[in-house]
Structure formats: C-alpha cells, structure tokens
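The values are calculated or read from the model by the stated rules, or taken from the named source; none is laboratory data. Quantities reported herein were computed from a predicted structural model and do not represent experimental measurements. In this analysis, Cβ positions are derived from the backbone assuming ideal geometry, glycine residues included, and neighbour counts consider all displayed protein chains. Note: accessible area is taken over every heavy atom of the protein model, side chains too, but ligands, DNA and RNA are not part of it. Shrake-Rupley method; radii C 1.70, N 1.55, O 1.52, S 1.80 Å.
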Amino acid sequence: MVAALSAMAAASPLKDAKRIVVKIGSALLVHQESGRIRREWLAALGDDVANLRRRGKEVLIVSSGAIAVGRRHLGLVGPELKLEEKQAAAATGQIRLAHAYEEALARHDITVAQILLSPEDTEQRRRHLNARATIATLLSLGAVPVVNENDTVATAEIRFGDNDRLGARVAQMISADTLLLLSDVDGLYESDPRTDPNARHIALVERMTPEIEAMAGTAGTGYASGGMVTKLAAARIATTAGCRMAIVAGIPMHPLAAMEAGARCTWFQASDTPRGARKNWIASAINPAGTVHLDAGAERALTQGRSLLPAGVTEVTGRFKRGDLVTVHGANGQEIARGLAAYGSEDAALIQGHKSREIEAILGYRGRDELIHRDDLVLTD
Ligand code: GLU
C-alpha cells in the first residue's frame, strides 16, 4: 500500500527508536574520482551519531567503502576489478575505513568496534548467536560497532554482495527497530527520477507488494553495488523481522539530523505480525538435538513470554551444543516450545535447578543468564 505521509513518518521519526542500524554506501563516503574518504562528511555523520547516542539510542553502522578506498591505494584502475583484486582492495581499504570511523567518533569519546561478517555468521545458528551476543555486549558498553562484509575471504558464490541486505540481516540479527539506508537518492519513486522529472516520490510504504517491487526497475549507480533492487530486498528482510526501514538522502552533510528535521525520505513500515525468519526457522526445524524439561513455574513464565532460566529446569536429555535447537517440555511432559540453547547439554545439566547468578561458580565462566532467551524461543502452536 502506498499512502500519503503518515503521522509516523511526519513526527520526529527517530524519537521512539531504541536500536538503530545505519547503512552507509560507498558513494557517500568515498570521492568517486580520488578514492579518498570524505572526512568532513564523516565527521558530520559522527556528530549525528553522537547526538543519537546522547539521547540513549544504540547505533550500529554498516559501512561500505573498503573496496572503493583500497583500490586507489593499490593502484588498481579500470572499470571492472577481478574478484581477487577486489579482495585485495578490501583488505587495504578496510583498515583505512575503520581508522576514519575511529577518528570521527573519538571526537565524541565514542569507541568504535570493527566487525567483519560472512553470510555463515548470520545464517548458521551458533555463529549467528555468537555474533549477536558480541554486538549486544558492545552496544551495552556504549561502543558503536562498524560492520562490513568480510570481503577479503568471501567468495563470489557465498557473499552478501551488497551492504543493503547485509544491513537488513544485521538489523534482524540484533532485533533492531530501525534500519536507515543512507543513499544517493532520497527514497523510492514510482518511476526512475533520473530519467523522469515528474517521478512521484513515495513517503510511506505500508506493505511490500508486487506494485512496489516493480518500482525498483534495474538500478546501480557508479561503483556502489546497491540500487533500488537491493534496497527493496533489504526492506523485505527488515520489515518482516519487525524492523522499520527508511531510505534517506545521505549526500548532504548531517543526513540524520536533516532527516529528523523533516528531510524527504521513504519509510517502510514494519510488519505488525513479525514472527521473523529466525523464529520461523526455530518453529519449523525438523531435527531438535535434545530436550529440556521444566517445572510448572517455569512453564508458566514461558507462556507469559519470558525467557527460560536454568532454575526452572528439572531435566536435560539428548546431546546438544550451544546454539543448537532443542524442544522444551512442560511439567506434564508435553512439548510446549522450541528454542536455541545458550549452553550445551553438559553445562545445561550442571546448571539446571540453579539460580543464574550461580552459573559462573558452577561452570567457571559467565555465560548468559538464560538457558534459552525469549528472542530465541517459539511457543508450540
Ligand atoms: N562490502 C563492500 C565494500 O566495503 C561494499 C558492498 C556494497 O557496496 O554494498 O567495499
């Protein structure tokens, strides 16, 4: 559905956002001719990010630009680089990129943390959980994670390939509520604004429909690998995971402040029944590795939407590793839920019946308080 600017988009759009993923494309960050990082622009973006952090919002940046920056330093010219040249460029450019973010945010006493992800890290459960826990820890410590694809070792067949979808995957992984794609366009148009001066801008997309998908056309400007096609793919991933998304004009200085001040952009509304791909994956897995049995109190807590704590566990059966999928059985032996265990079966058996604060003394390390976090738990229908 396409609608006029709604109250949601008109009010200060980031007011209620708690966890924001900001995706920054190469075309914004890197001068096309010189291959240099646009430091002033980045400093202004750093001001915007610091401003959001001061208002208690968590911010994670997904940044492109490693290849665009690195190729210049390696003297790689020509319109098309070979895969290994791109990878060499990324290895050089990523250092410079990370350093530039470091500088831009150090001015505000904000620590930057670099995270390079491969598709396995978001698609495989255990790695997904690990990456998620690390990112959550960084956010809780006040750092701003800067994420890119691990381009240097990715192969052509197994890549995210574009950071729009990587941004959406990361937003989904960390349960972000808002994903902002900073772009060289200020949103979605009914037709291509570069060729049609009368193209109508769309302020709000309530739902992804074939009509909306058709508006993407074929895209891709300069050396950025994104375009409207990958942005709409990102919108699909994010919105079905319950995360709203916006395509925002990123070229001007202070793009986030401008957006908050009412600059034009396109919002994609989050689905209001977002069981998310992850929960669907959990619910539909066919091969659970073990079972956790609960007492009546823990069963009640679960059905009220809470996490599963070791204290309510009466028995652990099967052999599973951290991140594996297990079934959860209630006091009368029936399956009541499925979820991803935060501990392997041996450790789970050791901590069953114990308070979470005793975990460290029992296992010798401090893991999560929950045996299964509610984000990783789906009640059986
Ligand atoms: N990961 C690539 C880079 O940093 C960019 C991918 C994209 O443009 O979306 O150069």
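Collect the residues in the range 104-119 that are without any contact (Cβ under 8 Å) to a residue 40 or more places away in the chain and away from the ligand (no atom under 16 Å from the Cβ), keeping them in residue-number order. Write out each step before concluding.
Going through the range 104-119, the residues without any contact (Cβ under 8 Å) to a residue 40 or more places away in the chain turn out to be 106, 109, 111-116.
If the condition is that a residue be without any contact (Cβ under 8 Å) to a residue 40 or more places away in the chain and away from the ligand (no atom under 16 Å from the Cβ), then 106, 109, 111, 113 are the ones that fit.
Taking the conditions exactly as written (open to solvent by less than 30 Å² (accessible area, probe 1.4 Å), part of a loop (DSSP other than H, G, I, E, B) and within 16 Å of the ligand (Cβ to nearest atom)), does residue 176 satisfy them or not?
So residue 176 fails the test.
Kindly evaluate residue 129 against the criterion of being touching a strand residue (DSSP E or B) at 6+ places or on another chain (Cβ under 8 Å) and closer than 23 Å to residue 25 by Cβ. Walk me through how you get there before you give the answer.
Details: touching a strand residue (DSSP E or B) at 6+ places or on another chain (Cβ under 8 Å): yes; closer than 23 Å to residue 25 by Cβ: no.
No: the conditions fail for residue 129.
Taking the condition of being among the hydrophobic types (A, V, I, L, M, F, W, C), farther than 18 Å from residue 188 by Cβ and in a loop (DSSP other than H, G, I, E, B), how many residues in the range 249-268 meet it?
2
So which of 213, 206 is open to solvent by 10 Å² or more (accessible area, probe 1.4 Å), modelled with pLDDT of 90 or more and not hydrophobic (A, V, I, L, M, F, W, C)?
Going through 213, 206 in turn, the sole match is 206.
Could you please let me know if residue 55 is touching a residue at least 24 places away in the same chain (Cβ under 8 Å), basic (Lys, Arg) and either in contact with a Gly (Cβ under 7 Å, 6 or more places away or on another chain) or more than 16 Å from the ligand (Cβ to nearest atom) (or both)?
no
If you check every pair at least six apart or on different chains, which have Cβ atoms under 6 Å apart with a residue in the range 72-91 that is more than 16 Å from residue 162 (Cα to Cα) first and a residue that is within 13 Å of the ligand (Cβ to nearest atom) and of a type in the set (Asp, Glu) second?
Listed by first residue and then by second, the contacts come to 76/85.
Inside the range 13-130, counting only strands (runs of 3 or more DSSP E) that do not spill past its ends, which hold 3 or more residues that are open to solvent by 20 Å² or more (accessible area, probe 1.4 Å)?
Passing ranges, in order: 112-117.
Which numbered condition trips up residue 334, out of (1) open to solvent by 40 Å² or more (accessible area, probe 1.4 Å); (2) closer than 13 Å to residue 288 by Cβ; (3) among the polar types (S, T, N, Q)?
Result: residue 334 passes all but (2).
Across the range 337-369, what is the number of residues that are open to solvent by 30 Å² or more (accessible area, probe 1.4 Å) and aromatic (Phe, Trp, Tyr)?
1
Report, ordered by the first and then the second residue, all pairs with beta carbons closer than 6 Å, sequence separation of six or more or different chains, a first member in the range 143-161 that is modelled with pLDDT under 90, and a second member that is within 14 Å of the ligand (Cβ to nearest atom) and in a loop (DSSP other than H, G, I, E, B).
Pairs found: 154/118.
If I go through the range 216-241 residue by residue, how many of them are within 23 Å of residue 67 (Cα to Cα), open to solvent by less than 30 Å² (accessible area, probe 1.4 Å) and modelled with pLDDT of 85 or more?
The total comes to 5.
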